[in-house]
Amino acid sequence: MLNNILWQDCVCVIAPYPNNPNPPEDFDPRSDMDISGQGLMWYARPQLFFKCSVCPTGQRANKHRHIELSLVFFSTFEPINITPNSVMQRNGVPMLYDSASSSNEPSLYICRVSNVLGRVPLMPCFVAGNKHPTLPHSIGSRQGAVADSRPDAGNGSKLFEVSPWMWRYGRGQPRMVSVGEAEARRKERRSEARRQGAETLKRRRAESGEDFYERQRSRRAGDADEQ
């Protein structure tokens, strides 16, 4: 799962402590899955997955009390409301800006990997005729997002919209193998296809060569008969 997440810029995570005092297992998708990004579910870009060991105060020498945790550093995609009357926003499509593109030193959060719920499809968002999917200079900086320094500069906060239609596209059936195993099988099939393609090309070249020499022999035999 982690390898698959690393290929995707955006994931949704359960808000970590102290923004959410409840443990991840108490998260209820039926009531807590607020796609606006303003509730207990956040949009995030993983920056670093790592493991570390922690221990209770005064128990450093007691290795049996140490606990190994899988953690992730992440930056966030924050909600922004600059086109409330657009067709997308009127239909409940959240607009976000990448907080990491709004500062030279973006804020990073940390949580357990178990807080990561899965991937989220994002679409670059072009606003007010801007050539780049960034906050236009004409709108100006607001809500923590930074506008382009000049018209069409493209150096402002990057804007995105969540695609609920792509997000709802499901498998229809439960996954029977892990993501890693499925990827290994795809690589094996591609390798086998390349091997078979190479053998087919080699065989066709060989057959073309035999036909060429056979035609040459037939032509020489025909010339000899005419003489």
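The values are calculated or read from the model by the stated rules, or taken from the named source; none is laboratory data. Remember, predicted model here, so these are calculated numbers, not experimental data. FYI the Cβ positions are ideal-geometry reconstructions off the backbone, even for glycines, and counts take in every protein chain you see.
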Out of the residues in segment 32-64 that are among the hydrophobic types (A, V, I, L, M, F, W, C) and farther than 30 Å from Pro121 by Cβ, which is modelled with the lowest pLDDT?
-> Ala61
Which listed residue is touching a Ser or Thr at 6+ places or on another chain (Cβ under 6 Å), more than 19 Å from Ser157 (Cα to Cα), in the same structural domain as Ser141 (by TED's automatic domain parsing) and among the basic types (Lys, Arg), from Lys63, Lys51 = Lys51
Thr83 meets each of (1) assigned to a loop (DSSP other than H, G, I, E, B); (2) touching a strand residue (DSSP E or B) at 6+ places or on another chain (Cβ under 8 Å); (3) loosely packed, with under 12 Cβ neighbours inside 10 Å with one exception, condition (3)
Per the filter on segment 60-73, residues in a loop (DSSP other than H, G, I, E, B) and surrounded by fewer than 12 Cβ atoms within 10 Å (Cβ to Cβ) are Arg60, Ala61, Asn62
Determine which member of the set Val13, Val93 is within 23 Å of Ser178 (Cβ to Cβ), touching a residue at least 12 places away in the same chain (Cβ under 8 Å) and surrounded by 14 or more Cβ atoms within 10 Å (Cβ to Cβ).
-> Val13
Would you confirm whether any residue within segment 76-93 is among the basic types (Lys, Arg), over 21 Å from Trp167 (Cβ atoms) and more than 18 Å from the chain's Cα centre (by Cα)?
-> no
Which one is surrounded by the fewest Cβ atoms within 10 Å (Cβ to Cβ) among residues in segment 18-59 that are closer than 29 Å to Arg90 by Cα and of a type in the set (Ser, Thr, Tyr)?
-> Ser31
Where a residue in segment 173-192 is under 16 Å from Arg119 (Cβ atoms) and its partner, wherever it lies, is assigned to a loop (DSSP other than H, G, I, E, B), with Cβ under 6 Å and at least six apart | Val179/Met1
Would segment 7-15 turn up any residue that is within 15 Å of Cys111 (Cβ to Cβ), assigned to a loop (DSSP other than H, G, I, E, B) and modelled with pLDDT of 90 or more?
-> yes
Considering (1) of a type in the set (Val, Ile, Thr); (2) farther than 24 Å from Arg45 by Cα; (3) surrounded by 11 or more Cβ atoms within 10 Å (Cβ to Cβ), say which one Val177 fails and leave the rest.
-> (3)
